[in-house]
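Data block below; observations after.
The values are calculated or read from the model by the stated rules, or taken from the named source; none is laboratory data. Computed from a prediction, not measured in an experiment: that's the story for all the values here. Please note: Cβ atoms are built from the backbone with ideal geometry, for glycine as well, and neighbour counts cover all protein chains shown.
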Amino acid sequence: MEPQTWLPLTHARSVLEARGERFAELWRHGCVSLELYVPRGEDLQTPHERDELYVVIAGRGRFFNAGLLHPFQAGDVLFVPARTPHRFEYFTEDFAAWVIFFGTEST
C-alpha cells in the first residue's frame, strides 16, 4: 500500500461503505497503519497484538480498557497497549474513530 500524504474522511468512509465492513485499513507506512473504525450496534473486537491509538471522529459513549470504563466524545484520543482487552460500549449511532496501530507485534 503506497503511503498517501492526504486522506480525506469522506474517501475513508466511502471505502468502508463499499466494502460493507466495520473497519478498513487505509494507510500503512513502516510500522504504522491507519484504519477507520465504525462499529454498528456492538463492538466485537478482541485484543490486538500491537499498541493502538483511537482518535474519536464523531459520537460519544464509554470505552472499556483493561477493566476500566472511560467516557469519550468526539476529539478524544484513547490509548490501548498491545494485548489489552478493550471495547466501545453504549456508543451513539454516529460513532466513528481513526485507529492507529504502531510498533511491532507482541510475542
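Points to keep in mind about this one:
- Residue within region 1-16 that is loosely packed, with under 11 Cβ neighbours inside 10 Å and touching a Pro at 6+ places or on another chain (Cβ under 9 Å) present: no
- Residue in region 21-39 that is part of a loop (DSSP other than H, G, I, E, B), among the hydrophobic types (A, V, I, L, M, F, W, C), farther than 18 Å from residue 104 by Cα and within 12 Å of the chain's Cα centre (by Cα) present: yes
- Qualifying residues in region 62-107 (those that are over 15 Å from residue 22 (Cβ atoms) and among the small types (Gly, Ala, Ser)) - the one modelled with the lowest pLDDT: 106
- Of all residue pairs spaced 6 or more apart or on separate chains, those with beta-carbon atoms under 6 Å, a first member in region 88-106 that is closer than 14 Å to residue 74 by Cα and in a loop (DSSP other than H, G, I, E, B) and a second member that is among the small types (Gly, Ala, Ser) and at pLDDT 95 or above are 91/59; 91/61; 92/59; 94/58; 94/59; 95/59.
- Answer residue from region 52-83, given it is under 14 Å from the mean Cα position of the chain (by Cα) and part of a loop (DSSP other than H, G, I, E, B) and is surrounded by the fewest Cβ atoms within 10 Å (Cβ to Cβ) among those: 75
- Filter result (in contact with a helix residue (DSSP H, G or I) (Cβ under 8 Å, 6 or more places away or on another chain), within 18 Å of residue 49 (Cα to Cα) and free of Cβ contacts under 8 Å to residues at least 24 places away in the same chain) within region 4-35: 24
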